[in-house]
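The structure under discussion appears below in the form of structure tokens.
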Amino acid sequence: MQLKKLAVLCSIALLSSAESALADLTIGVSLSATGPGASLGIPEKNVFALLPTQISGEKVNYVVLDDATDPSVATKNARKLVTEDKVDVLIGSSTTPATVAIAEVANESATPQVTMSPAALPVERNKWVFRSPQQNSVMANAVVQHMKANGVKTLGFIGFSDAYGEDWLTSVTAKAEAAGIKLVATERYARADTSVSGQVLKLVAARPDAILIVGSGSPAALPQTTLIERGYKGQIYQTHAAANQAFLKVAGKSAEGVIMPVGPVVVVDQVPDSHPSKKVGLDLVKKYEAQNGAGSFSSFAGHAFDAYRIIEQAVPVALKTAKPGTPEFRAALRDAIESNKEVVASHGVFNMTAADHFGLDERSHVLVKIDSGAYRVIGK
């Protein structure tokens, strides 16, 4: 009789434990803490140590993995997170190629994914994938409008030979043409390249009024320093993916005068108090730098926080339908991310729709010029 009673008690305990585990929300993260994308992934990783461990009364478990900036490792990470860790949502990765690899797993497993890179995907592979960074076309528009306003007639381009570089090239080509700006030279380079002398010689020979460099983090400094060494005197533009201390440190004085679009959190002390992201951004920067040192904050930390923010605001809605740990909850979370409105984050305000899984508008960027190694807000 006692053994039977003990068995019943054990069964109840196991059921209670299973129900408790079922209620935990598990967020799986794959980012580039090593490899060419490390200057993006390290600040992103630092953010996950600062995030709350509860959302709407549900315990949150974070499983953070390094994909070493390698799409094949990112795929393995995503499969592990989905099959072994049973995550409710995926975050990642830091770079576009690795992000695209994770997206394959997100779609196969019907698991929502919030990326930290502005990866472009065809419609059929976009259902489960959302982004925290600004869409490249939005940032390209800001850059081209500045070029037009400042008399640029001819443009040179050098960018990563991957999905990030190609998406920017597509966006800027169309917008430059519409603005009456002619693209006179197009060059590419790999993230791990150690020299771009050949490409830069061709760009300088074309004598464009301005050159756009499409890179990220420290690898974006290679064309920058080479152009200055080769005597290029025109205006150089960079993208928001170069907005971090690694780029500034490696590029050094050669970065002086560079113009780029950045999220408001990068220069949060310079944006007006009326900006919706001001309060959120100030709080994030304060917490981040208290943990990691003064001046350590970068744009990429903001993308990681915003990915969390998108999920945080969707969880209460999804919980009305199902509990974490179930396919029903993952589907409800996806739907909530897509339908939530005016989600205020550090880089802007998200309004996702079925047709737009970026969700950021003109409030998501300001133009800055690098002056004495710091970002200074400029007008359009």
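Readers should treat all values here as calculations from the given coordinates under stated rules, not as data from a laboratory. Just so we're clear, the structure is a prediction, and the values are computed from it rather than from any experiment. Here the Cβ is made from the backbone with ideal geometry for all residues, glycine too, and neighbour counts use every protein chain on show.
A few comments on the model shown:
- DSSP beta bridge pairing in the chain, given as percent antiparallel to the nearest 5: 30
- Cross-link partners for LYS249 among the lysines, with Cα-Cα distance under 27 Å and sequence neighbours closer than 8 places in the same chain left out: LYS45, LYS202, LYS233, LYS278, LYS286, LYS287, LYS369, LYS380.
- When the chain is described by a simple charge dipole with +1 on each Lys and Arg Cβ and -1 on each Asp and Glu Cβ, the residue from ILE378, MET260, HIS357 located farthest towards its positive end is ILE378.
- Shown is the FRET efficiency for THR194 and GLU229, computed with R0 = 22 Å from the Cβ-Cβ distance and rounded to the nearest 0.05: 0.95.
- Cα centroid separation, the range 198-270 to the range 113-137 (Å): 25
- Each Cα pair of the range 35-100 feeds into the Kirkwood radius, which the Stokes-Einstein equation turns, at 37 °C and 0.692 mPa s, into a diffusion coefficient of 258 µm²/s.
- Cα-based equivalent ellipsoid of the range 148-230: semi-axis lengths in Å, sorted from largest, via gyration tensor: 21, 15, 10
- Adding -39500 (n - 2.57) for every DSSP H run of four residues or longer, then dividing by how many residues the chain holds, sets the calculated 222 nm ellipticity at -14000 deg cm²/dmol.
- Label-point separation in nm, THR83 to GLN54, each point 7 Å along Cα→Cβ: 3.6
- Normalised convex hull volume, the chain, alpha-carbon set, Å³ per residue: 138
- For the chain, with +1 on Lys and Arg beta carbons and -1 on Asp and Glu, the positive-most of GLY348, GLY231, ALA314 along the dipole: GLY231
- Loop-located GluC sites (Glu not before Pro) in the range 38-114, at most 13 other Cβ atoms within 10 Å (DSSP): GLU84
- Length available on full extension from LYS369 to GLU342: 0.36 nm per residue minus the Cα-Cα distance, which gives 6.8 nm.
- The chain: relative contact order in percent, alpha carbon pairs under 8 Å with at least 6 residues between: 16
- Taking Cα centre as origin and charging only the Cβ of basic (Lys, Arg, +1) and acidic (Asp, Glu, -1) residues, the dipole magnitude of the range 136-262 rounds to 320 debye.
- Each Lys and Arg Cβ is given +1 and each Asp and Glu Cβ -1; about its Cα centre, the chain then shows a dipole of about 400 debye.
- The radius of gyration of the Cα set in the range 212-280, together with its Dmax, comes out at 13.6, 43 angstrom.
- Model label zone, GLU124; criterion: amide N under 15 Å from point 7 Å along Cα-to-beta-carbon; scope the range 61-86: none
- Normalised by the number of residues in the range 75-221, the average gap of Cα pairs under 8 Å and 6 or more apart makes the relative contact order 19 percent.
- If you plug the beta carbon distance of GLN291 and LYS202 into 1/(1 + (r/R0)^6) with R0 = 41 Å, you get a FRET efficiency near 0.40.
- With the simple spin-label model, which puts each label point 7 Å out from Cα in the Cβ direction, the ALA179 to SER274 separation comes to 2.5 nm.
- The residue list VAL89, ALA179, ALA163 was ranked by how far each Cα lies along the charge dipole of the chain toward its positive end, using unit charges on Cβ atoms, and ALA179 comes out on top.
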